């Protein structure tokens with residue numbers, strides 16, 4: 001039971017899971033949504049006036065590498081799946097239990113259990129114990145499991161426990177030390193590169209193994225036309241396959257690497273323009289199930305280095321919502337679909353009762369203005385570091401208010 | 001008044017007076033240079049070619065200036081060439097070798113750059129094993145930076161000295177057929193030469209086995225060959241690249257002798273090129289592997305030692321031109 005007063009958000013336009021956007025109120029009590037639509041605030045309620053803005057579920061970010069609440073709250077994120085790539089890794093139950101508690105009360109962290117000990121891709125970690133300590137799924141971490149036998153046994157084991165295996169799709173033999181996708185840009189810059197097919201190779205193997213094991217598999221970032229085709233075909237034949245992506249892959253191509261900009265050093269690396277378009281098509285046709293930020297704040301000690309020595313990753317939570325809104329404005333997806341991708345589907349993968357505005361769901365609610373303009377400034381970000389390839393770029397879409405479990409989140413004051 | 005390049009009269013090679021002829025702070029790569037800017041540097045180098053052939057080689061142009069050669073990667077010939085170039089122009093030249101530097105102690109490249117900057121160098125020549133590292137330093141220091149080779153990205157002074165060498169022998173770039181053969185994938189020399197020669201109007205062919213050919217290289221306006229004999233047909237210049245020994249032990253190439261079998265430049269192979277085709281190599285050579293000794297030593301056709309000679313002149317020209325602003329030269333300050 002919450003010690004907080006009930007909350008009623010009034011006068012908003014509710015983005016509902018059934019595809020409607022309707023003017024109405026939403027009332028929350030004890031941390032849960034209790035009534036939606038034609039409901040009035042009761043005496044003693046905290047009332048938030050939404051003034052005609054959109055009322056949406058809080059974003060569920062799958063996945064992030066760091067717990068960075070100011071950035072999450074700025075971006076409207078109320079829950080995040082935490083990658084096991086921590087120092088030390090989330091490969092034992094105690095660390096998972098600690099991580100699961102680490103965001104409360106105004107943020108929920110859903111740890112992903114390391115699939116293998118020390119994330120080395122060799123021996124299975126204590127997945128069942130970590131599940132009981134709060135792990136919501138299993139993840140291979142930043143890298144792919146090279147050994148096919150290990151991957152099969154992982155999928156069989158996780159499948160038995162009804163846990164999704166979240167994997168990174170890049171064939172490590174083909175990738176080697178590459179930091180870019182093979183193509184004109186990598187060639188001109190003289191950067192070690194690997195063919196984009198490294199992704200399709202990894203996906204093809206892992207879909208085959210997942211189907212063999214009868215297990216659920218989620219590809220955290222699918223970024224190439226060939227990889228997306230494999231996912232599309234697997235879904236068509238009923239395989240338990242889901243796919244995610246992050247906004248960089250539908251906004252940018254490898255042209256962003258020009259001048260060795262390490263903020264554009266991502267994993268997997270940015271792809272060609274054709275692949276960028278294929279990602280947009282896959283979001284439109286439903287091949288891609290969710291959009292996550294991959295939030296990975298990195299300071300100058302990791303980024304102000306020669307490109308090949310720099311660490312991959314970007315601080316993405318603040319730009320997750322506005323960049324997804326570009327897809328709505330461009331007519332690629334509907335507003336309701338945007339929140340399936342950002343909230344409902346990742347919540348479903350994690351098996352949590354959140355991510356939708358429906359009675360009985362946890363009261364994670366955002367009030368947003370999808371059109372409000374602002375400019376990204378890497379020196380002024382809420383995130384722990386400003387490593388974003390979208391520095392100085394105009395965005396549209398801002399979170400005006402955020403509620404976690406029906407309680408207002410005191411976000412760091414937006415700078416713009 | 002626009003000035004025509006001394007040895008070529010085609011209009012695209014005329015360049016303006018003063019700093020407008022080379023309006024760049026440093027020389028990080030050939031990418032970004034206009035053809036007339038390349039030609040300007042070649043023309044500037046010409047005077048130093050002649051000076052270097054005299055017994056008395058010293059000029060005091062850069063007297064009182066400090067030039068640091070910061071080499072984060074081993075080098076003998078390029079370092080020596082930069083050192084001689086600076087000394088012939090009267091500068092105080094200091095070499096920072098990697099073995100004795102604090103880079104080995106974990107200092108970041110940026111911190112090293114800031115340290116060099118605080119020592120008030122007037123120009124820094126940098127070699128580094130990572131692509132883009134020289135640009136990173138150039139962005140942080142106040143003085144001109146010359147790229148002496150960064151990873152697999154660029155080696156602009158090598159391309160300029162190669163162009164100067166070719167110009168002395170052939171007199172025109174337009175339509176010249178240049179075949180570059182060897183480890184194109186890992187070669188900054190190849191990238192800078194492709195940019196430089198195509199910019200000057202030459203027709204560039206690259207030849208390597210697929211594993212040593214970078215993706216989409218044809219987008220750099222070159223023709224791609226895997227068959228060396230075909231790549232040599234009608235070639236006016238044959239530029240051989242060094243293949244590192246460790247890449248011939250099975251990773252990229254089964255063995256050195258198999259590499260020689262397919263890509264070694266022998267007299268018989270050279271006969272497939274134009275009868276007066278010239279032979280070049282940036283050195284150091286693997287004699288008997290990518291190039292046979294009797295080809296490397298062809299008195300009238302091998303330009304390999306000329307390349308070394310032109311290297312000093314080109315680096316003198318770069319040091320002179322890039323310090324003109326600091327020296328307050330008329331039209332450059």
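The values are calculated or read from the model by the stated rules, or taken from the named source; none is laboratory data. Keep in mind that what you see is a predicted model, and the values were worked out from it rather than measured. Ideal geometry is used to build each Cβ from the backbone, glycine not excepted, and the neighbour counts take in all protein chains shown.
Observations
- The set of residues in the range B:38-63 being buried (at least 21 other Cβ atoms within 10 Å of the Cβ) and under 17 Å from the mean Cα position of the chain (by Cα) consists of B:38, B:39, B:40, B:41, B:42, B:43, B:45, B:48.
- Given (1) surrounded by fewer than 24 Cβ atoms within 10 Å (Cβ to Cβ); (2) touching a strand residue (DSSP E or B) at 6+ places or on another chain (Cβ under 9 Å); (3) closer than 30 Å to residue A:380 by Cβ, number of the condition residue A:59 does not satisfy: (1)
- One residue alone among A:71, A:63, A:81 is in the same structural domain as residue A:244 (by the TED database), assigned to a strand (DSSP E or B) and in contact with a helix residue (DSSP H, G or I) (Cβ under 7 Å, 6 or more places away or on another chain), and that residue is A:81.
- Lone qualifier among A:219, A:250, A:260 - being closer than 30 Å to residue B:134 by Cα and either within 14 Å of chain B (Cβ to nearest Cβ) or crowded, with 21+ Cβ neighbours inside 10 Å (or both): A:260
- Leading residue by the ranking (surrounded by the most Cβ atoms within 10 Å (Cβ to Cβ)) among those in the range A:145-158 that are within 21 Å of residue A:222 (Cα to Cα) and in contact with a helix residue (DSSP H, G or I) (Cβ under 6 Å, 6 or more places away or on another chain): A:145
- Restricting attention to the range A:333-360, the residues that are in a loop (DSSP other than H, G, I, E, B) and closer than 25 Å to residue A:240 by Cα total 8.
- Among the residues listed as A:238, A:227, the single one being at pLDDT 95 or above, assigned to a loop (DSSP other than H, G, I, E, B) and more than 14 Å from chain B (Cβ to nearest Cβ): A:238
- Residues that are in the same structural domain as residue B:176 (by the TED database), in a loop (DSSP other than H, G, I, E, B) and either in contact with a strand residue (DSSP E or B) (Cβ under 6 Å, 6 or more places away or on another chain) or over 17 Å from residue B:304 (Cβ atoms) (or both) are absent from the range B:257-270.
- The listed residues are B:273, B:235, and the only one of them that is farther than 14 Å from residue B:291 by Cβ, touching a strand residue (DSSP E or B) at 6+ places or on another chain (Cβ under 7 Å) and in the same structural domain as residue B:210 (by the TED database) turns out to be B:235.
- The helices (runs of 4 or more DSSP H) found entirely in the range A:135-198 that carry 1 or more residues being away from chain B (no Cβ under 14 Å) and more than 25 Å from residue A:306 (Cα to Cα) are A:148-160.
- Qualifying residue in the range A:300-315 (condition: within 16 Å of residue A:166 (Cβ to Cβ) and modelled with pLDDT of 95 or more): no
- For residue B:32: the one exception among (1) over 16 Å from the mean Cα position of the chain (by Cα); (2) at positive phi: (1)
- Residue that is surrounded by the most Cβ atoms within 10 Å (Cβ to Cβ) [pool: residues in the range A:114-144 that are in contact with a helix residue (DSSP H, G or I) (Cβ under 7 Å, 6 or more places away or on another chain) and touching a residue at least 40 places away in the same chain (Cβ under 8 Å)]: A:135
- The range A:74-104: number of residues that are in contact (Cβ under 8 Å) with a residue 40 or more places away in the chain and surrounded by 24 or more Cβ atoms within 10 Å (Cβ to Cβ): 11
- All helices (runs of 4 or more DSSP H) inside the range B:107-217 with 1 or more residues being closer than 22 Å to residue B:76 by Cβ and more than 14 Å from chain A (Cβ to nearest Cβ): B:109-118, B:156-170
- All positions within the range A:243-263 that are farther than 18 Å from residue A:308 by Cα and either assigned to a helix (DSSP H, G or I) or not assigned by the TED database to the domain that holds residue A:185 (or both): A:248, A:249, A:250, A:251
- Here residue B:247 passes the criteria (1) at pLDDT below 95; (2) under 30 Å from residue A:197 (Cα atoms); (3) more than 14 Å from chain A (Cβ to nearest Cβ) except the one numbered (3).
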